[in-house]
Every structure is written in C-alpha cells, then in structure tokens.
Amino acid sequence: MIRLLVALGSMAALVMAAAKLSQNRLETYLPMRYVRVEGSIWNLDMDAFEQTLAPYTHSGYFSTDMERIETEAKTFAWVDRVRVERLWPDTLVVRIEEQKPIARWDRNSLLNDRGERFTPPSVADYQHLPLLSGPEGQEKLVLGTLRALNAKLERRQLRIVTLSLSKRRAWVAQLENGVEIVFGHQDPLAALERTLSLLPRLGEDRIAAIQKLDLRYPNGFSVIWKPLEPEPPPADNPAGGALEQAPTDT
C-alpha cells in the first residue's frame, strides 16, 4: 500500500509538471502581444491606463487573468464600465465606457446619471454643472430631488444650480437667477409646489424682486427682497448734489 501511494504521488507530480510545462510552452508560443482599448474616450489618461495594463501583455493568451484586468481598469475614476476580451491570436481588447457626469458633488467629485460618485484628478472643466452636497451615501437622494424640483420649476423657466442636504436633513437650494430657497426639514417637493401656487398673488414685478424664499412654514412663506437700486442723479448734475436756482429780479 505504501508503495502504491508513493507511486500515485509520483504520478501526480509528473502530471502537474507536465501541465506547467504545457502552460509555459503555450505562453511561449501564444504570448499576448497587444492591448487594444476601444470606446469613446475623452477624459481617461490613456498613457497611465496603458502602462497599468502593459504587464498583462507578458502572459499567455489562455492564462491572462481577465477579472484582474477589469479590476485594474476600474481603479481609474473615469472608467464607468469595462469589458475585457481575447482576440485571437495575440491581442487583448479592453472596451471602455466613460463616466457621464451630470452634476458636481462637493468640491472635488462628480455624479454620473445613476447618482454614483466618482473623483477624477480634476473637475475644473465641469463648473457649469449643478453643485450638490450632502451626507455620505445620500448622493442618489440629492440627485433625485434635484431632478424632481427642476421638473416643477420648468413651468417658470427656472432651474436649480446648487442643492444641499445638511447632516440634520435640512434642504437649501439656489436658482440660476440667484434666488435662495430655504426648505428646512420639510419635504422640498411639497413645499415648492405649495409656494408655486401662492407666488402669482405677488405679481410678476414683486416675484422678480425676490432675493430669498424661506419655506419653513406650514401654510406660507417669508420673503427677503432685493435691495432697492438708488435713483440716478439728474443728468445735468453729475456730482449728484442738490441743484440751486439763481434768484431772479422781480
């Protein structure tokens, strides 16, 4: 029995050695020579990306670790989705879908259309996007609220450019015309709907003079008005002093 076990162990070792030798031969005769990156790429640092994937070209066609390559590719912030395939006889094809930013998050991050946050090396080219902020993990909630609020404001041809949710769950927004809206802890959608139904009572001139709306009231809102512009001085007195009329003889 002992001799049989020894024999079986020797056979197993020979099989493993043969398998390793076969793999080495495959890698020798079928090496992965090229990496081809495909996709609409605008922001990804291709030099750094190719350098990261370059070591995988030294493996064999059949032994390339596809999952590891996908994992490495996803370490780049601008990579949203990635698919890796082999192309016979010596090419690795990496298909990339870049992130599509639709909003900024805090100072250094962006959100894609699914409300997922990513942090690229720079967001300087995306200052035109709305600025959102909130507690960790609330990205999808804040983005969804932005979309819903803008849908309600569309009837007045307005949109929100900043929206924040505090740690105490209080909402504040700013419109593109500079008007600040304080929602507080109320449901911002219900509060905005109620306010939009009441605003017409002010008249368009008064609406245009609004600087800040405080909606933290169950049945109404308070308004802070824009400062009144000073009246210009008379055209014939640029210094703005009072005009004196010379006395006349009677």
* **Difference of contour (0.36 nm per residue) and Cα-Cα distance, residue 66 to residue 138** => 22.6 nm
* Asked: Stretched out fully, how many nm does the piece from residue 197 to residue 158 gain, at 0.36 nm a residue minus the Cα gap?
  -> 12.5 nm
* Asked: Any idea how far apart residue 168 and residue 205 come out in nm if each label point goes 7 Å out from Cα toward Cβ?
  -> 3.9
* Structure fact -> Fraction of alpha-carbon pairs in the range 55-99 farther than 13 Å apart, rounded to whole percent, equals 52
* Whole-Hz Karplus ³J(HN,Hα) for the range 57-70, in order, using 6.51 cos²θ - 1.76 cosθ + 1.60 and θ = phi - 60°, x for Gly and Pro? -> 6, 8, 8, x, 4, 8, 9, 5, 7, 5, 5, 5, 5, 4
* With DNA, RNA and ligands ignored, accessible area of residue 226 (1.4 Å probe; Å², nearest 10) -> 90
* To do: Tell me the Kirkwood hydrodynamic radius of the range 68-199 in angstroms, computed as one over the mean inverse distance between distinct C-alpha pairs.
  => 16.7
* Structure fact -> Given backbone amide H placed at 1.01 Å from N, residues whose amide H is under 5 Å from that of residue 165, ignoring those fewer than 5 places away on the same chain, are 133, 134
* Give the span of the range 103-168's Cα atoms along each principal axis, as three whole-Å numbers ordered largest to smallest. => 37, 29, 20
* Structure fact -> Largest-first ranking of 47, 90 by accessible area, probe 1.4 Å, whole protein assembly kept, is 47, 90
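The values are calculated or read from the model by the stated rules, or taken from the named source; none is laboratory data. Quick caveat: nothing in here was measured; it's all calculated off a predicted structure. Using ideal geometry, Cβ is built from the backbone for each residue, glycine included, and neighbour counts are taken over all protein chains shown. These accessible areas exclude ligands, DNA and RNA; they are computed on the full protein's heavy atoms, side chains included. Shrake-Rupley method; radii C 1.70, N 1.55, O 1.52, S 1.80 Å.
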